[in-house]
1. Order these by the 10 Å Cβ neighbour count, fewest first: A:117, B:251, B:233.
2. Could you check the spin-label model distance between residue A:65 and residue B:88? Points 7 Å from the Cα along Cα→Cβ, value in nm.
3. Please report the orientation-averaged projected area of region A:12-141, defined via the convex hull of its C-alpha atoms, in nm².
4. Any idea what the alpha-carbon Rg over 2.2 N^0.38 Å comes to for region B:341-403?
5. Quick check on packing: order B:93-100, B:212-219 by the mean number of other C-beta atoms within 10 Å, highest mean leading.
6. Which whole-percent values make up P(r) of the protein assembly as shown when all C-alpha to C-alpha distances are grouped in 20 Å steps starting at zero?
7. For chain B, what relative contact order do you get, as a whole percent, if you take Cα pairs closer than 8 Å and at least 6 residues apart?
8. Give me B:34, B:259 ranked fewest to most by other Cβ atoms within 10 Å of their Cβ, as a rough exposure proxy.
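Every read-out reported here was derived from the displayed coordinates using simple, explicitly stated rules and does not represent laboratory data. No experiment lies behind these values; they were computed from the predicted model shown. Neighbour counts run over all protein chains shown; Cβ positions are idealised from the backbone, glycine included.
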Ligand SMILES: [Zn+2]
């Protein structure tokens, strides 16, 4: 087994996203280094990933809200290696977004030792290049780290 | 009414499984000298022979996982009809989703029979590992929704489920010792089974010395990458009584699930009320028991879909064998160890060695074991077992469950 290194995101050429009319505003904002989430224009419930209907009231009206970029680790894993990349260390996380309650993102913690990531660790958004000129929202441990359990 | 008399009359009992068949179980790459459709055909012919039926008389096909064979191959009803010599097809359908529907496919077969559309319905699953399931998502083209999960490097199902596992450990204090116990007890059940892929005992030290694949999941928390095929024949209870084997009635069956679970590991938005760190089966369990008129205490043997050890633990909670959050202490008490004698407060789980130790054919081996337990012919038989629970995989909806019984 390789040594666990500093967590990173997958290299740009390995990450290729596709969009549809519901999701495209999320990615267009990310390209401008803004983290946004769709909020139902009728009942104000947030949802992610962006989908055509509000699951609470079935409305198709959406307001895109710019978020602060703060997030909290809801759960995480540590993965050493990826097909073709034996030495990569990934810390995939599911995060809660304090200013978009009810919506979660599946993302990566980058630039940290995996041992410093815990459930509840506070994070801030950063953006990582991926294929076709898009940017992927990823997260770093907030400074100063509140860390620990 | 005595308990046994009550259980003998409980539930649906309008259809029965009358035949099961399987190929040998192979390691990855070992069945490459045959096509996947040949494997499926062998299993279908074996299941028909077991039932004492000719394959020509099959008139229905009830698949799951969208009739995929594994994740990379597609089964086609027309091909089976043409190449096996089935006379006339009258029903062909598949549950949507993936391995979550394995147990529920028998409900699809039942639906066809009860509706009068078909009379002899085959369910089949075949698997070869040309695409490695362990990293299946890394190789898949992205979709707009998958673009919200895939970029994080969650390369396979185990990576996804490690996230639920971590949450369960955090919320309920569950420890890796519980997952080790599931891996070790399942392995212990495989030791005396000629077809099992793994027949050496698994020790505590081996478990804790194994490589982490998706922390907190190590090598032994993952089911194996095996190859083979399994088929099951279902017909009406009346017809079943004229066939070769003792009928195994379908006592209850359900598939589906709730909005809160939804696409599960494909969105991770499940609420924090005990749903996220669960198997997604709670509503299925309720419907299944209600239809059968039984509770978890009446289940004599549990064939629990074991793609990953923690998902066995979470299903034991959702199916009511223990309280929510108590899965760790429950399995560590020895409650799931196989014992021929049924005792209150415990249940024999996967006495066939499951997908962790016997073979992984996307849930189909659990149906076979349920049938053998109800016939009384299982290698690790629970004496006089009256009811067997069979579950489909915790996965994106639909998930499913099945209760099999003994005929009167
Ligand atoms: Zn709404």
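1. A:117, B:251, B:233
2. Modelled inter-label distance: 6.1 nm.
3. Over all viewing directions, region A:12-141 projects a mean Cα-hull area of 8.0 nm².
4. Taking the Cα Rg and dividing by 2.2 N^0.38 Å, one obtains 1.13.
5. So the peptides B:93-100, B:212-219, ranked by packing, come out B:93-100, B:212-219.
6. So the P(r) values, bin by bin, are 22, 53, 24, 1.
7. With pairs under 8 Å counted, the relative contact order is 25 percent.
8. Placing the least packed residue first, the sequence is B:259, B:34.
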